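Asks: Okay, handing you the structure first.
Each value in this text was obtained by applying a stated rule to the coordinates, not by laboratory testing. Treat the numbers as computed from the prediction; the structure is a model and nothing was measured. Virtual Cβ from ideal backbone geometry, glycine too; neighbours counted across all protein chains shown.
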Amino acid sequence: MEKFRIENIEIDQVAIVEKFAENIMWKSKREQLEATREFLRKNLKNALNPKGKVPDDIQKRIWDQDKTKTLSTVFNDKYGVCVEWHVVGQVVLNKVGMETVFKTGYVGGVGHTYLDVKIDKKWEIFDPFAEKFLEDIGQKGSTFQDEYYKDSTSKNS
């Protein structure tokens, strides 16, 4: 039997994820989405522009996108790029019953991921990694160009 995975991350049970999902279950979908954004920011660091050097062994795991790692490893490492951030986000949001679609695309020729999330019968783009990345490079409040998200479900609703 094949284990459940998203991209190159095998989804195992992580106590902090389970507890967080239980704690936000009673909130509205919008509140769940915002709480998940904050959960990601609190528990994962931006590996592209971290405050401090990423240890070599963690750096190797992050950039080896062909090798499978576990969700537990992601939380132990505490660093990630868009894939890690958005896999964790999808796991949490799916646990609370929110419909999501994992998306991949390119920004300026560089691969990137994000989520489409269905709230109140409408699709929205959920890209907390991009928000953190732009904030870390001094562009807080900025977003990627709309053309990047052109294949997003939210543009087709």
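Asks: Rounded to the nearest 500, what is the chain's calculated 222 nm mean residue ellipticity when only DSSP H runs of at least 4 contribute -39500 (n - 2.57) each, over all residues?
Replies: Roughly -12000 deg cm²/dmol at 222 nm, from the helical runs in the chain.
Asks: Let me ask you something else. What number, in percent, do you get for the relative contact order of segment 13-132 if the mean sequence gap of Cα pairs under 8 Å and at least 6 apart is divided by its residue count?
Replies: Once normalised by length, the contact order is 26 percent.
Asks: Considering only C-alpha atoms, what is the centroid distance from segment 114-129 to segment 19-54, in Å?
Replies: Taking the Cα centre of each part, segment 114-129 and segment 19-54 sit 15 Å apart.
Asks: Distance cut-off 29 Å, Cα to Cα: go down the list Lys45/Lys118; Lys45/Lys121; Lys78/Lys122; Lys60/Lys121; Lys67/Lys122; Lys60/Lys122 and report the pairs above it.
Replies: Lys45/Lys121; Lys78/Lys122; Lys60/Lys121; Lys67/Lys122; Lys60/Lys122
Asks: Next up: Over the chain, with a Gaussian network built from C-alpha contacts below 10 Å, which listed residue (Ala47, Ala130, Ala15) shows the highest mean-square fluctuation?
Replies: Highest fluctuation of the listed residues: Ala15.
Asks: Calculate the tail of P(r) for segment 1-93: the fraction of all Cα-Cα distances greater than 22 Å, expressed in %.
Replies: More than 22 Å apart: 28 percent of the Cα pairs in segment 1-93.
Asks: By average Cβ neighbour count within 10 Å, what is the ranking of 25-34, 112-121 from highest down?
Replies: In decreasing order of mean packing, 25-34, 112-121 become 112-121, 25-34.
Asks: How much length would be gained if the chain were fully extended between Lys140 and Asn49, taking 0.36 nm per residue of separation minus their Cα-Cα distance, in nm to one decimal?
Replies: Between Lys140 and Asn49, full extension yields 31.4 nm more.
Asks: Using a Förster radius of 30 Å, what is the FRET efficiency between Trp63 and Ala15 based on their Cβ-Cβ separation? Nearest 0.05, please.
Replies: Working from the Cβ atoms, E equals 0.65.
Asks: Rounded if a/c is under 1.5, else prolate if a/b beats b/c, else oblate: with a ≥ b ≥ c from the C-alpha gyration tensor eigenvalues square-rooted, which is the chain?
Replies: Rounded shape, in that the Cα axes give a/c under 1.5.
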